[in-house]
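Single-structure report; data block below.
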There are 2 protein chains.
Amino acid sequence: LNQELMEVRDQVTLLLKAQQTEQVAGLLAAVHPADLAELLKEFDPSERAMILAQLPAELAAETISEMEPEDQVALLRALGRERAGHILQQMSVDDVADLVGELPPDQARSLLQWMDREDAADVQELLEFPPDSAGGLMTTEYIAVPASMSVQSVIEELRRLAPDVETPYYVYVVNEQNQLVGVLSLRDLIITNPETPVREIMRTQVVSVRLLDDQEQVARIVSRYNLLAVPVVDDAGRLRGIVTADDVMDVMEEEATEDIYRAAGVGEEEQDLDPYGHIWEAIRSRLPWLLGLLFLSMISGKVIEHFNNLMAAAGALSFFITTMAGGSGNAATQSLTVVVRGLGTGEIQPSQVLRVLWREVRVGLVVGAVCGLVIGLIGLIVHHNLLVGVIAGLALFVNLTLAKAAGALVPFLMVSLGLDPAVASGPFIATITDTTSMLIYFNIAAAVLRHAGLQ
Amino acid sequence: LNQELMEVRDQVTLLLKAQQTEQVAGLLAAVHPADLAELLKEFDPSERAMILAQLPAELAAETISEMEPEDQVALLRALGRERAGHILQQMSVDDVADLVGELPPDQARSLLQWMDREDAADVQELLEFPPDSAGGLMTTEYIAVPASMSVQSVIEELRRLAPDVETPYYVYVVNEQNQLVGVLSLRDLIITNPETPVREIMRTQVVSVRLLDDQEQVARIVSRYNLLAVPVVDDAGRLRGIVTADDVMDVMEEEATEDIYRAAGVGEEEQDLDPYGHIWEAIRSRLPWLLGLLFLSMISGKVIEHFNNLMAAAGALSFFITTMAGGSGNAATQSLTVVVRGLGTGEIQPSQVLRVLWREVRVGLVVGAVCGLVIGLIGLIVHHNLLVGVIAGLALFVNLTLAKAAGALVPFLMVSLGLDPAVASGPFIATITDTTSMLIYFNIAAAVLRHAGLQ
């Protein structure tokens, strides 16, 4: 809450205490719905309902649209059937669908009964599509006109639909089969002679997405073509809805968080959790990763234990364990992160595996040589022992080069297996390279010491 | 490149070979500028210039706007002063400013001389702001009208400005001092009686940003309030430009990549590199991190070496080194990632450090207890030794709890020092916890063994 909102909160608190609830409406009339939603979080459920009951239905609907699903449902219940039905009616169809989609089937059904038949049917249609598809993301509140219509008639149509279609981004042009054939902007309407048929001013190259396209793909297209909204068509090319830029921004934030969480071994479900809230879901999201990696780490533990005698004979070897394991993990994480992000944003094509691998191997050879030289010198200086320096330097060189190659390859491998490459980043690849780096390190050490006649 | 674009590329290649360059224009007229920019990457610089020379200046300008800075400059040079000047004239002022901003001062000056005086002055004005501020991001191509103007006159103004202001998102209303006093959408214009003065239909609660606001802040506001564009005002409240949703999407992608790269110890400059290209800049972006962490890792190496005798006496201890170090790093990374992301998206407030710490400590106690129990049992089973199980279990419990606390605290600490908390994630925190976990593990081992009379 910023300063301004905190003052509003305190004033509302005072009004509620003084039981002057009817004055709340005037105080909140000028507050943006997104701010109102945040403000309401500061009050307990019964107070929220009292406050919302004072607001005009449209403002109340916009405010509820900005809230978290659990809070939405609790609030609608507290408001009672009549008022809640009124508010649901005022919300965007896609926002209602998102809300209803979070409910168990029986609650969803009862909520839909509070709405008009027609609107409820629209909501139900949207619910048929997966929530992370274009169909699940779209709204059915758009404007479509036939190509023969004049600009003047389109403007009249806009006036007629004004209460339902609040933010027309574009006007879409369809044929008799409702297939998308063109698009025009509101600016085109304003600057054109009213007699002109839209056919003459529409653009016919329309970028669109399919109903089942993944939301990440939809976001990429809207961002790539700098659109305010993208039309969604079915397999027959019929216009079914639009996805708007503001929903795309939410998707971009959600997908970025998902990638960041996955790379850290945090379940994506933790996105929806209150960061100050209960711990059980956080534990459920993190414990499986920790336990899985714990078991995986025992392979490298076994490798180290296997070389206990070697370490006892050459004590300096233990000094480099964390440098080998850590360095390899870090080098692999760097390459893997660049490749995973490149695949995610589309800058790297899945077919370019060899070019990417070749680049990362060359990077690995150089950083491996530099780091190997540094650690070799340190081995020599700290332990006054040339052999230790040679072992550490050589092993780190091999390890870093291999780590870079693995970091480049693993994401492509995951993509070809149909898995999200982000899952492999960070802790996962680091735990894997723990084992390989220990194997390489101790085997090089054994070979060098044997060669020098010391083992 | 998708299938369709690959076919276009092959056709263009054939036309260039047959020296029928004039037919290229017809072939490319229907291709979107964003696709054209990607298509041009497939050709060498001289071919790019040949192709672009065939396109209408507007399409050429939009295509160049979608390209990378180095490619833009090379192409403009190859096209020659007259044609390049013509194209620069057609580009958005903010796109030209982005391009010019990447050039050394003398080249920038010569490029600006290819433009109209007035446009060049606009570009120079934008260049005064940092590239990642609202001022650096905004365009000056917007429509502002006085509050007394009638809807009809605004529509005429839109017609007059149509060639320069290609996508009017909103119409802004200003007073005589050019201070922002209201906003209307194009829809408001269309559905209102032409005689009405805009004062009567404008919204007076206008969300705006300041010239020097950080781009991340701008993106958060546009996304939060579901805007298509946000006005940028100076300290006196005067309207200076607008930032559009498409630029905000680019910022969101850029900021997400930056966070992801930082968390993996990859320099943010690697964002602008060709993922298949030269390796030297990649090496420069990654080597400092690897070397820094390498030196840091030697502290934990020293700890392990210090306990060489203990390991020689109780060989099973070496088995758990990677589990301790890896597990602590993973647990810390999880907490740190959730907190860093929460601070980044604004879901966590910097003032809530104690609430977050308390939550993560409780999570740490539970996951520490579970993982400690599991590893303790494994120690007991694998090594048939109760003491080893007790040591490993106890140490992992303490380590995971501390790691969660550290992961929660470090980002707040970095924020209060004015640093980006993302820098601390992943490899950095893992390298730190390597040392603490080894210290705790071996000290617990020494204490337990001493207590049991074995040391």
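Results for (1) within 12 Å of chain B (Cβ to nearest Cβ); (2) crowded, with 18+ Cβ neighbours inside 10 Å, shown as yes or no for each residue.
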position	(1), (2)
A:V173	no, yes
A:Q179	no, no
A:I190	yes, yes
A:M202	no, yes
A:V222	yes, yes
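Screening the candidates A:L137, A:L126, A:L186 for the property of being within 13 Å of chain B (Cβ to nearest Cβ) and open to solvent by less than 30 Å² (accessible area, probe 1.4 Å) yields one hit, A:L186.
When segment A:411-429 is filtered for residues that are modelled with pLDDT of 90 or more and buried (at least 24 other Cβ atoms within 10 Å of the Cβ), only A:P411 remains.
Listed by first and then second residue, the pairs linking a residue in segment B:386-410 that is buried (at least 24 other Cβ atoms within 10 Å of the Cβ) to a residue that is of a type in the set (A, V, I, L, M) and not in a helix (DSSP H, G or I), with Cβ atoms under 9 Å apart and 6 or more places separating them unless they lie on different chains, are B:V388/B:A314; B:I391/B:A314. Of all the numbered requirements in (1) closer than 25 Å to B:E255 by Cα; (2) open to solvent by 20 Å² or more (accessible area, probe 1.4 Å), A:G342 misses one, and that requirement is (2).
Residues are listed down the side, and each one gets a yes or a no for (1) open to solvent by 20 Å² or more (accessible area, probe 1.4 Å); (2) touching a residue at least 24 places away in the same chain (Cβ under 8 Å); (3) within 30 Å of B:E258 (Cα to Cα):
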position	(1), (2), (3)
A:F307	yes, yes, no
A:A312	yes, no, no
A:S318	no, no, no
A:M324	no, yes, yes
A:L336	no, yes, yes
A:W358	yes, no, yes
A:V361	yes, yes, yes
A:G364	no, yes, yes
A:V367	no, yes, yes
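The residue list A:R238, A:R262 contains one member that is more than 7 Å from chain B (Cβ to nearest Cβ), touching a helix residue (DSSP H, G or I) at 6+ places or on another chain (Cβ under 7 Å) and open to solvent by 30 Å² or more (accessible area, probe 1.4 Å), which is A:R262.
Residues checked against (1) over 23 Å from the mean Cα position of the chain (by Cα); (2) surrounded by fewer than 20 Cβ atoms within 10 Å (Cβ to Cβ):
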site	(1), (2)
A:M50	yes, yes
A:E62	yes, no
A:S65	no, no
A:E70	no, yes
A:E82	yes, yes
A:L88	yes, no
A:D94	no, no
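Taken together, A:E253, A:E281, A:E269 contain a single residue that is modelled with pLDDT under 90, facing chain B (nearest Cβ under 7 Å), open to solvent by 20 Å² or more (accessible area, probe 1.4 Å) and in a helix (DSSP H, G or I), which is A:E253.
One line per residue, one yes/no per condition, for (1) in a helix (DSSP H, G or I); (2) touching a Gly at 6+ places or on another chain (Cβ under 8 Å); (3) at pLDDT below 90:
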{"site": "A:F319", "(1), (2), (3)": "yes, yes, no"}
{"site": "A:L336", "(1), (2), (3)": "yes, yes, no"}
{"site": "A:L343", "(1), (2), (3)": "yes, no, yes"}
{"site": "A:L354", "(1), (2), (3)": "yes, no, no"}
{"site": "A:G372", "(1), (2), (3)": "yes, yes, no"}
{"site": "A:N399", "(1), (2), (3)": "yes, yes, no"}
{"site": "A:L409", "(1), (2), (3)": "yes, no, no"}
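Given the criteria open to solvent by less than 20 Å² (accessible area, probe 1.4 Å) and among the aromatic types (F, W, Y), does B:Y276 qualify? It is false that B:Y276 is open to solvent by less than 20 Å² (accessible area, probe 1.4 Å) and among the aromatic types (F, W, Y).
When the test is whether a residue is open to solvent by 20 Å² or more (accessible area, probe 1.4 Å), over 14 Å from A:A430 (Cβ atoms) and at pLDDT 90 or above, B:G292 passes it.
All conditions but one from (1) open to solvent by less than 20 Å² (accessible area, probe 1.4 Å); (2) under 24 Å from A:Q215 (Cβ atoms); (3) hydrophobic (A, V, I, L, M, F, W, C) apply to A:A120; the one that does not is (2).
The values are calculated or read from the model by the stated rules, or taken from the named source; none is laboratory data. Bear in mind the structure is a predicted one, so any value in this text is a computation, not a measurement. All Cβ positions, glycine included, derive from the backbone under ideal geometry; neighbour counts span all protein chains shown. Accessible surface is based on the protein model in full, side chains and every heavy atom, while ligands, DNA and RNA are left aside. Shrake-Rupley method; radii C 1.70, N 1.55, O 1.52, S 1.80 Å.
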